[in-house]
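The values are calculated or read from the model by the stated rules, or taken from the named source; none is laboratory data. As the structure is a computational prediction, the values presented were derived from the model and not from experiment. Cβ sites come from the backbone with ideal geometry, for glycine too, and all protein chains shown count toward neighbours. SASA here: full protein model, heavy atoms, side chains in, ligands and nucleic acids out. Shrake-Rupley method; radii C 1.70, N 1.55, O 1.52, S 1.80 Å.
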Amino acid sequence: MDMSTVEHAMLTPSATSAPASGTKVTARACNVYYGEKHALKDVSVDIPERSITAFIGPSGCGKSTFLRCINRMNDTIASCRVTGKIEIDGQDIYDPALDVVQLRARVGMVFQKPNPFPKSIYENVAYGPRIHGIAKSKSDLDEVVISSLEKAGLLKEVKDRLNDSGTGLSGGQQQRLCIARAIAVSPEVILMDEPCSALDPIATAKVEELMDELKANYTIIIVTHSMQQAARVSQRTAFFHLGNLVEVGDTRQIFTNPKEQRTQDYITGRFG
Amino acid sequence: MTDISMDIARPEPKFRLDLTSDAARARIRSRYRAETRFKAYGIAALTVTALFLAVLMFDILRNGLPAFWQHSLLLDVPVAADIVDPAGKREAGAIKGADYFPLMRNALNAAIPGIESRSASKQLTRVLSVGAPDRLRDMLVADPSLIGKTIKVPLLLSDDADLYYKGAGTGIDDRAGRGTATPSGRTGEITVLTSSNDFAEELQNIKLRLKSVADTISRDAGRIERSGPDQAQRVASMRAEVANLANRYQQPGNAEALDSKVPSVLVAINGGLVKATRLDASGITGDVLLPLKSAEEAKPGTWKVVHYSTPESDRKVTDQEVAFLERLREAGAVDRHFNWRFFTTGDSREPELAGIRGALTGTALTLLVTLLLCLPIGVMAAVYLEEFAPKNRWTDVVEVNINNLAAVPSIVFGLLGLAVFLNFFGLPRSAPLVGGLVLALLVLPTIIIAARAALKAVPPSIKEAALGVGASHQQAVFHHVLPLAMPGIMTGTIIGMAHALGETAPLLMIGMVAFIVDVPTAFTDAATVLPVQIYLWSDLPEPAFQSKTAAAIVVLLAFLFLMNGAAIWLRKKFERRW
Ligand SMILES: Nc1ncnc2c1ncn2[C@@H]1O[C@H](COP(=O)(O)OP(=O)(O)OP(=O)(O)O)[C@@H](O)[C@H]1O
Ligand SMILES: [Mg+2]
């Protein structure tokens, strides 16, 4: 029954739909097991390019699990097993021939807890470009670092102390540093797992503003527990429950006119 | 969810927090008591530990610190050219090979003139170490123009003389003579008679001692007699001895002989010193230790009765030597200086010449081998096990066995080293190379365990962050996880090395326990290490070596403290909060 809902939602783009120029990420019949535990059940979804897609759902429903499938971060968990198919630009990312390191360069990730390297701000941002050989010279590298910090909206605050430790920044600044670090390797997709959960409203607003700007060039997927945030920033929303993808559709439609009773119950706060 | 009506009477809850009843108060009191008790145990344990430590440190320092100082004689040595360089070519080889003993003897004889007896002059030269000419020889080799001149050089004292000046000799007291004393000669065996009963007190002491000896013998005889009749003959001879002694102590006027078991009695008169061998109340018969300037009679108050309170048999220096050493001290010839030699020479049979340079170098070479092997192997093994190894039965077995290895007694590693490195591979015995290999086996598990703990302590979010920007697993580990774990790894390594530094048993097994004089210069030279040197010295009978043992322990402990201090410093400096 889930499948039909999903297909239905996908096949009938509403009039208010964001101008999705194409599909960036496609998942088909995706299942994830942690050992015996079936954490993600038969998820199929299309994620449009250059827009923001929000994953919502109660705790433990599998949002992070699915997000981590998209850059194969689940590979690092020994007990984790993924079946089904996930494609980016039509390319199967679980193809054994595919280099997972390159995939992760194409699909950046920002974690729930800010996790800057305990190095200088500059080194934090420069690390990705350096290992991928993006910048040929020192000046190129400087340029990448500055423009990434600029795009992440952090440059103004840190331009005088690029050599200070990244861990010395405030929580919100650290999270934007992590975003700058992620975009420094110019990924196509940016995955954000509850990026604002540790931030105050002002820092949250900055990050949201930033996402809004970034969506012009990047495909962004964000996991959030804040319905308001999902409503504010995303064009599309997917609702997960107990490992199932219950409903996916235009954000406005999900929040005003959900097709599923469970979605309705969740967004009105009746459970979760 | 929030529509619980407030006006519904709340039922009395079944379980309530009780803070006021007697039972509750009793509970609180017993909790406080338990906490006080626990605190007291802790403080008691700490106090006991601190006490033991303080006693240990005090004892080691008290014994060891004097060994860092040494005494020499600053004498004018006439460097006779015909002795040092009979060929007159002034070449280094000849100067080095010359016999310096006559020079030393001449210098001593000049300092204490008039010694005639062979035994006395032998004892005079025995005051100096066999290494005494070393300094002079070095000076002459460096500057042959000194030959023929008289130069002031410090001549190293022998260990016994050195210990004497450090206070391990005898108490000396004296009192002025009351009567007029008349010596019968200037040298050799003489008598000194006094006009008053100057030696009555000494004589009485001797008689008292005879009495106590007699009492002891008679008590023993009684015991043997009671135990059975079969030793009647022995009892009879003991009784006879008692009678003989009684005869002596009951006649207070009789002269008595002095032996080496009683405090020595001497007479300082006319600038010389006579040691009493037999005395009665008004005179002594004795040997001249330091020749008298004249045999004239000495007025009351100008001569002295001297006591060396420690009996001669209970000390390492004879009365003759004490006399020499005191005379030299009065002459201001004794020079106390820091014992650099202790740090610059290898082992020796002569305590005053023995140093820890050989052992220190051996330790350094051995630990270098250990470190060079352990650090890379240990860290790489830890990184592989912690970050890359598949988690399966085999890695579990490896892990368990590494932990087991850390607990294997070190002597077992010594035996292993003996069997494998010496007998199978045929590496040289007693070599730092083999010592280092054996200690590496010993320290490796410690380092692996410490390194794994340090790697584990790096939060996984750092690795995820690196993976998230497209670093490979290996890049993430080597660029981020390993550097962050490095302080912890270094701390573990230093503590492991400190452990190796103090290790003795396995090195005994591979023969690093030999007496080695030369300072090792290569990894395959025969060598010993500091703890083994301590073990070797502690076994030697000379009291000076006991002191050296303690001094070497002080050095070893200093290194251990230094290494542990470095570990703490590293930990503090690089401690990170995430
Ligand atoms: N490493 C793991 N090993 C085993 N089970 C896991 C692991 N990670 C997640 N799970 C399980 O998978 C399920 C989905 O977890 P997931 O982290 O995706 O939830 P989530 O939707 O992100 O929740 P939250 O909103 O609380 O972050 C949960 O039941 C969780 O217990
Ligand atoms: Mg989550």
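Computed on protein heavy atoms with a 1.4 Å probe, the accessible areas place B:Thr528, B:Thr20, A:Thr76 in the order B:Thr20, A:Thr76, B:Thr528, largest first. Sorted on the mean count of surrounding Cβ atoms within 10 Å across their residues, most packed first, peptides B:502-508, B:32-38, A:168-174 read B:502-508, A:168-174, B:32-38.
Each Cα pair under 8 Å and six or more residues apart adds its separation to the average, and for the range A:39-195 the resulting relative contact order is 29 percent.
How big is the B-A contact in terms of buried accessible area, both chains counted, 1.4 Å probe, rounded to the nearest 100 Å²? In total, this chain pair buries about 1600 Å².
Taking only protein heavy atoms and a 1.4 Å probe, the accessible area of the range B:97-158 is 52% carbon and sulfur.
Close amide H contacts of B:Ser158 (hydrogens built in the peptide plane, cut-off under 5 Å, sequence separation of 5 or more or a different chain): B:Leu128, B:Ser129. Keeping all protein chains in position, work out how much accessible area A:Asp193 exposes to a 1.4 Å probe, and write it in Å² to the nearest 10. Per-residue accessible area (A:Asp193): approximately 10 Å². Extents of the range B:230-282, largest first, come to 58, 22, 11 Å (Cα atoms, principal axes, whole angstrom). How much net charge surrounds B:Arg175 when only other residues with a Cβ under 14 Å from its Cβ are counted (Lys, Arg +1; Asp, Glu -1)? Value of the local net charge: -3.
Applying a DSSP loop filter and a limit of 14 other Cβ atoms within 10 Å to the trypsin sites (Lys or Arg not before Pro) in the range B:263-332 leaves B:Lys293. Protein heavy-atom surface of the range B:363-420, 1.4 angstrom probe: 75% of the accessible area is carbon and sulfur, with nucleic acids and ligands not counted. Normalising the Debye intensity of chain A to I(0), with uniform scatterers on Cα atoms only, and taking log10 at q = 0.09, 0.11 Å⁻¹ returns -0.41, -0.61. Applying 1/(1 + (r/R0)^6) with R0 = 51 Å to the Cβ-Cβ distance of B:Phe343 and A:Gln102 gives a FRET efficiency near 0.25. Compute the Cα gyration tensor for the range A:12-148, then decide on rounded, prolate or oblate, letting a ≥ b ≥ c be the square roots of its eigenvalues: rounded whenever a/c is under 1.5, prolate when a/b is larger than b/c in the other cases, and oblate in all that remain. Prolate is the answer for the range A:12-148, as a/c is 1.5 or above and a/b outweighs b/c.
Projecting the Cα positions of B:Met104, B:Val141, B:Ala80 onto the charge dipole of the range B:69-165 (unit charges on Cβ atoms of Lys, Arg, Asp and Glu, taken about the Cα centre) puts B:Ala80 furthest along the positive direction. Take each residue in B:469-479, count the other chain C-beta atoms within 10 Å of its C-beta, and the mean is 6.
Do any of A:Lys119/A:Lys206; A:Lys85/A:Lys138; A:Lys136/A:Lys159; B:Lys39/B:Lys572; A:Lys85/A:Lys159; A:Lys215/B:Lys463 go past 32 Å between their Cα atoms, and which? Among A:Lys119/A:Lys206; A:Lys85/A:Lys138; A:Lys136/A:Lys159; B:Lys39/B:Lys572; A:Lys85/A:Lys159; A:Lys215/B:Lys463, the Cα-Cα distance tops 32 Å for A:Lys85/A:Lys138; A:Lys85/A:Lys159. Per residue, chain A exposes an accessible area of 42 Å² to a 1.4 Å probe, with every protein chain left in place. Taking only protein heavy atoms and a 1.4 Å probe, the accessible area of the range B:438-477 is 65% carbon and sulfur.
If you take the Cα centroid of the range A:117-159 and the Cα centroid of the range A:54-108, the two points sit 26 Å apart.
Under the classification rounded if a/c is under 1.5, otherwise prolate if a/b is larger than b/c and oblate if not, where does the range A:188-250 fall, given a ≥ b ≥ c as square roots of the Cα gyration tensor eigenvalues? Here the range A:188-250 falls in the oblate category. Applying both filters, DSSP loop and at most 10 other Cβ atoms within 10 Å, to the trypsin sites (Lys or Arg not before Pro) of the range A:112-174 gives A:Lys136.
Between B:Leu74 and B:Asn423, the modelled labels are 5.9 nm apart [label points 7 Å from Cα along Cα→Cβ]. Expressed as a fraction of 2.2 N^0.38 Å, the rule-of-thumb size for a compact globular protein of N residues, what is the C-alpha radius of gyration of chain B? The reported ratio for this selection is 1.50. The listed peptides A:84-93, B:151-160, ordered by packing as a protection proxy, come out as B:151-160, A:84-93 (highest mean of other Cβ atoms within 10 Å first).
With a 1.4 Å probe rolled over the protein heavy atoms of all chains, the accessible area of B:Ser547, B:Ser218 falls in the order B:Ser218, B:Ser547, largest first.
Of all the options A:Met227, A:Met109, A:Met211, the one that moves most in a Gaussian network model of chain A with Cα springs shorter than 10 angstrom is A:Met227.
For B:Lys211, the lysines whose Cα comes closer than 23 Å to its Cα, not counting residues fewer than 8 places off in the same chain, are B:Lys261. Across all directions, the average flat footprint of the convex hull enclosing the Cα atoms of the protein assembly as shown is 66.9 nm². With K and R counted +1 and D and E -1, the other residues having a Cβ less than 10 Å from that of B:Ala281 yield a net charge of -4. Let a ≥ b ≥ c be the square roots of the eigenvalues of the Cα gyration tensor of the range B:109-201; is it rounded (a/c under 1.5), or, if not, prolate (a/b larger than b/c) or oblate? Prolate is the answer for the range B:109-201, as a/c is 1.5 or above and a/b outweighs b/c.
Interface residues of the range A:80-122, defined as those losing at least 30 Å² of solvent-accessible heavy-atom surface relative to the isolated chain (probe radius 1.4 Å), are listed as A:Val101, A:Arg104, A:Phe111, A:Asn115, A:Phe117, A:Pro118, A:Lys119. Two numbers describe the Cα atoms of the range B:69-165: Rg and Dmax, which are 13.6, 41 Å. Overall, the ratio between the Cα radius of gyration of the range B:172-314 and 2.2 N^0.38 Å, rounded to two decimals, is 1.27.
For chain B, the solvent-accessible area with a 1.4 angstrom probe is 53 square angstrom per residue. Restricting the range B:378-410 to GluC sites (Glu not before Pro) that sit in a DSSP loop and have at most 10 other Cβ atoms within 10 Å of their own Cβ leaves nothing.
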